[in-house]
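Student: Let me give you the structure first, and then I'll get to my questions.
The values are calculated or read from the model by the stated rules, or taken from the named source; none is laboratory data. Note that this is a predicted model, so its numbers are computed, not measured. Virtual Cβ from ideal backbone geometry, glycine too; neighbours counted across all protein chains shown.
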Amino acid sequence: MRILVLNGPNLNLLGLREPEIYGRETYTDLIDRIHRTASELGVEVTCRQSNHEGMLIDWIQESYGVYDGIVLNPAAYTHTSIALLDALKAVNIPTVEVHISDTGKRESYRQISYVRQACVKTVMGLGLDGYEVALRYLVSILKD
Ligand code: DQA
């Protein structure tokens, strides 16, 4: 089973970026955690991060026929990008939306998520643990 983990803009700055919201662990720490969970689950995982919407869209398109599931934190593009939603709908690969913070309890402009319509689940407010929860959920539904 192959899983793609995609992170959007500014998530490369984890640890440095607003640590009171996103914590002190770095992006490298996150990737280590994801690889540990993936090897425990016996799945192959690829992790990618980009600050560019088009890059994220290209990676979603290229995942067709290659990956069985996607874990996606689109970061700020969550609240703006119909293009990401359309890409997810086009490839129709089971996708779990992840947010480190609980966007539901934050600013009004973070209340909309376009990608959510194309996702099988949303995990938010669990910090970096949310990626692990998402991965476990994805693997469980893909195995069924
Ligand atoms: C985020 C929440 C978004 O609103 C924000 O723009 C991010 C990170 C999160 O993981 O909590 O960059 O997706």
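Student: Somewhere in segment 48-70, is a residue part of a helix (DSSP H, G or I), within 10 Å of the ligand (Cβ to nearest atom) and closer than 21 Å to Asn12 by Cα? Even if it seems obvious, please write down each step before you answer.
Tutor: The first filter runs over segment 48-70 and keeps only residues part of a helix (DSSP H, G or I), leaving 53-62.
Next, only the ones that are within 10 Å of the ligand (Cβ to nearest atom) stay: none.
For segment 48-70, residues part of a helix (DSSP H, G or I), within 10 Å of the ligand (Cβ to nearest atom) and closer than 21 Å to Asn12 by Cα: absent.
Student: Now a separate question. Evaluate the following for Leu16: is it within 16 Å of the ligand (Cβ to nearest atom) and either within 18 Å of Ile93 (Cα to Cα) or exposed (fewer than 12 other Cβ atoms within 10 Å of the Cβ) (or both)?
Tutor: For Leu16, the condition - within 16 Å of the ligand (Cβ to nearest atom) and either within 18 Å of Ile93 (Cα to Cα) or exposed (fewer than 12 other Cβ atoms within 10 Å of the Cβ) (or both) - is not met.
Student: Taking segment 38-74 as the search range and keeping residues that are of a type in the set (Val, Ile, Thr) and surrounded by 18 or more Cβ atoms within 10 Å (Cβ to Cβ), which one is farthest from Leu16 (Cα to Cα)? Walk me through how you get there before you give the answer.
Tutor: Pass one, segment 38-74, residues of a type in the set (Val, Ile, Thr): 43, 45-46, 57, 60, 66, 70-71.
Pick out the ones that are also surrounded by 18 or more Cβ atoms within 10 Å (Cβ to Cβ) and you get 43, 45, 57, 60, 70-71.
Details: Val43: 30, Val45: 25, Ile57: 26, Ile60: 27, Ile70: 26, Val71: 23 Å.
Per the stated criteria, the residue is Val43.
Student: So, one more: Enumerate the pairs (first residue in segment 1-14 and under 16 Å from Ala134 (Cβ atoms) and part of a helix (DSSP H, G or I); second residue anywhere and within 9 Å of the ligand (Cβ to nearest atom) and of a type in the set (A, V, I, L, M)) with beta-carbon separation below 9 Å, excluding pairs fewer than 6 apart on the same chain, so at least 6 apart or on different chains.
Tutor: Leu11/Ala75; Leu11/Ile100
Student: List pairs: first residue in segment 93-117 and in contact (Cβ under 8 Å) with a residue 12 or more places away in the chain and under 20 Å from Ile70 (Cβ atoms), second residue within 7 Å of the ligand (Cβ to nearest atom) and charged (D, E, K, R) anywhere in the structure, Cβ distance under 7 angstrom, at least six positions apart or on different chains.
Tutor: Thr103/Arg110
Student: So which residues in segment 105-119 are part of a loop (DSSP other than H, G, I, E, B) and within 11 Å of Leu72 (Cα to Cα), if there are any at all?
Tutor: Step one: filter segment 105-119 for residues part of a loop (DSSP other than H, G, I, E, B), giving 106-107, 111-114, 119.
Scanning segment 105-119 gives a single hit, Cys119.
Student: Return the pairs, sorted by first residue and then second, in which the second residue is of a type in the set (Phe, Trp, Tyr), the first residue lies in segment 51-68 and is under 15 Å from Val115 (Cα atoms), the beta carbons are less than 6 Å apart, and the residues are 6+ apart or on different chains.
Tutor: Close Cβ pairs satisfying both conditions: Glu53/Tyr77.
Student: Continuing with this model, one more query. Could you list, in sequence order, the residues of segment 93-111 that are more than 13 Å from the ligand (Cβ to nearest atom) and of a type in the set (S, T, N, Q)?
Tutor: Hit for segment 93-111 is Thr95, nothing else.
Student: Can you confirm whether segment 78-94 contains a residue that is surrounded by 19 or more Cβ atoms within 10 Å (Cβ to Cβ), touching a Leu at 6+ places or on another chain (Cβ under 6 Å), under 19 Å from Leu126 (Cβ atoms) and modelled with pLDDT of 95 or more?
Tutor: The answer is no, given that none of the residues of segment 78-94 is surrounded by 19 or more Cβ atoms within 10 Å (Cβ to Cβ), touching a Leu at 6+ places or on another chain (Cβ under 6 Å), under 19 Å from Leu126 (Cβ atoms) and modelled with pLDDT of 95 or more.
Student: With the condition kept exactly as written, say whether any residue in segment 112-122 is aliphatic (A, V, I, L, M) and either modelled with pLDDT under 95 or within 12 Å of the ligand (Cβ to nearest atom) (or both).
Tutor: Start the filter on segment 112-122 by keeping residues that are aliphatic (A, V, I, L, M), which leaves 112, 115, 118, 120.
With either modelled with pLDDT under 95 or within 12 Å of the ligand (Cβ to nearest atom) (or both) added as a condition, the list becomes 112, 115.
Yes, segment 112-122 has at least one match.
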